[in-house]
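The values are calculated or read from the model by the stated rules, or taken from the named source; none is laboratory data. It should be emphasised that the depicted structure is a prediction, and the values quoted were computed from it without experimental measurement. For neighbour counting, all protein chains shown are included, and Cβ atoms are generated from backbone atoms with ideal geometry for every residue, glycine included.
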Amino acid sequence: MSEFQFNYSLLSYNTFGVSVRASAFVLANNVADLRRVLMKTTLPVIILGGGSNILLTKDLNALVIKNNILGKSIVEETDDYAIIEAGAGENWHELVLWSIGKGLGGLENLSLIPGLVGAAPIQNIGAYGIELKDVFVKLEAVGLATGKTVTFKKEDCQFAYRDSIFKRNLKGKYCITKVYLRLSKNPKINIAYGAIQSTLKQMGVKNPSPRDVSNAVITIRSSKLPDPAILNNSGSFFKNPEIDRTTFEELRKQFPDVVFYESPNDRIKIPAGWLIEQCGWKGKRVGNVGCHTEQALVLVNYGGASGQELLSHAQNVANSVKEKFGIELTPEVNVY
Ligand SMILES: Cc1cc2nc3c(=O)[nH]c(=O)nc-3n(C[C@H](O)[C@H](O)[C@H](O)COP(=O)(O)OP(=O)(O)OC[C@H]3O[C@@H](n4cnc5c(N)ncnc54)[C@H](O)[C@@H]3O)c2cc1C
């Protein structure tokens, strides 16, 4: 366990690059560390991963525990699959590359998503037609109030689109310490997304391996999404809203060129980026904040913005979408 640090700056711990302080901060390198820290503190606790899905709007009167629980290995293997375990403090993208290096498929579409392994189940990370839940087996987590380790199987996590029980009923109640994933030795490649197909074509690849798909995803993401190391952001700020079919048909009468995708249970998903763009926010800068020039859904901090400025920009964007389309946008990013 590292030493407690007090009145600690979180500037370099969130990809929005917001300058706030935490009353106390500590690194947890293993589960024993974590338990000792939890026993010692009377402050509310916030678990921090890579800080790529949070918006900090004020100083935190809390103990921020930065998860640094490392380790990754194959724990079970057959001719068809392997189950891997990974410490919550492992870098997600490095785990993807490691698994591909072991000849395992399943994570390639999730290449280059920022952040740490422990946060992946929180919002059931997803990209290019794959979600964490597709390979997820179970996780171990320590109760912040009890210090006890609990195992959550896939069905316990209630995974949904950018959502899980850890964003709802169990929000802020557990620190995820280890994640188990089932990966395939005979991977079924998912290249349903046109952008992956065309990138593979440009790469001259005919029978793509997981590594080829990973390389294609890296190429696409690097060209489309701002790198937080260069331009502070937290990825997609809002979830893509889902509406019922009747509401959708009404909307389509008014906006015949509305972009949409069919979702399960007769729901229709509308890309939040399209809605935001139609309201004229794409590439628009207001003071130190704005909506990215290529991806309207990505809110950016051009430098020195406060969390409040970013939040108020997000609210203005959501209000104008509500006004124009009658659709409520909800943040994907965790706001503190
Ligand atoms: C450029 C960019 C692109 C992105 N693209 C995608 C994408 O394609 N798909 C996608 O799904 N997401 C995407 N994201 C969002 C983000 O990368 C993911 O949500 C990621 O899983 C966040 O990981 P993190 O470690 O940074 O979490 P943090 O931001 O540190 O934490 C996020 C939340 O999880 C909680 N948390 C973190 N670790 C733990 C733990 N061990 N136990 C309990 N709670 C924990 C935190 O308290 C917080 O509420 C993107 C972000 C950026 C900046």
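Computed quantities for the displayed model
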quantity: Residue match in region 168-187 (condition: over 23 Å from TYR81 (Cβ atoms), without any contact (Cβ under 8 Å) to a residue 12 or more places away in the chain and of a type in the set (A, V, I, L, M)); calculated: yes
quantity: Test: LEU48 is surrounded by 19 or more Cβ atoms within 10 Å (Cβ to Cβ), out of contact with any Cys (no Cβ under 8 Å at 6 or more places or on another chain) and not charged (D, E, K, R); calculated: yes
quantity: Residues located in region 61-84, provided they are away from the ligand (no atom under 14 Å from the Cβ) and surrounded by 15 or more Cβ atoms within 10 Å (Cβ to Cβ); calculated: LYS72, TYR81, ALA82, ILE83, ILE84
quantity: In region 92-103, residue nearest to the ligand (Cβ to nearest atom) [restricted to those that are more than 24 Å from GLU155 (Cβ to Cβ) and among the aliphatic types (A, V, I, L, M)]; calculated: VAL96
quantity: Hits in region 198-215 (condition: surrounded by 12 or more Cβ atoms within 10 Å (Cβ to Cβ), among the polar types (S, T, N, Q) and farther than 18 Å from LEU112 by Cα); calculated: SER198
quantity: Considering residues of region 104-120 that are among the small types (Gly, Ala, Ser) and more than 10 Å from the ligand (Cβ to nearest atom) only, the residue nearest to PRO228 (Cα to Cα); calculated: GLY106
quantity: Filter result for the condition that a residue is under 14 Å from PRO210 (Cα atoms), assigned to a loop (DSSP other than H, G, I, E, B) and not acidic (Asp, Glu), over GLY147, GLY103, GLY89; calculated: GLY103
quantity: Test: residue in region 33-53 that is more than 13 Å from the ligand (Cβ to nearest atom) and under 30 Å from ASP227 (Cβ atoms); calculated: no
quantity: Sole residue being under 22 Å from VAL96 (Cα atoms), part of a helix (DSSP H, G or I), of a type in the set (Val, Ile, Thr) and not assigned by TED's automatic domain parsing to the domain that holds ASN53, chosen from VAL217, VAL205; calculated: VAL217
quantity: Residues (surrounded by fewer than 17 Cβ atoms within 10 Å (Cβ to Cβ) and of a type in the set (Val, Ile, Thr)) located in region 268-319; calculated: VAL286, THR293
quantity: Some residue of region 164-179 being in contact with a strand residue (DSSP E or B) (Cβ under 8 Å, 6 or more places away or on another chain), more than 10 Å from the ligand (Cβ to nearest atom) and of a type in the set (Phe, Trp, Tyr); calculated: no
quantity: Wholly within region 1-74, strands (runs of 3 or more DSSP E) carrying at least 2 residues that are hydroxyl-bearing (Ser, Thr, Tyr) and either at pLDDT 95 or above or assigned by TED's automatic domain parsing to the domain that holds PHE237 (or both); calculated: 5-9
quantity: Condition broken by ASN233, with the remaining ones in (1) on the phi > 0 side of the Ramachandran plot; (2) assigned to a strand (DSSP E or B) satisfied; calculated: (1)
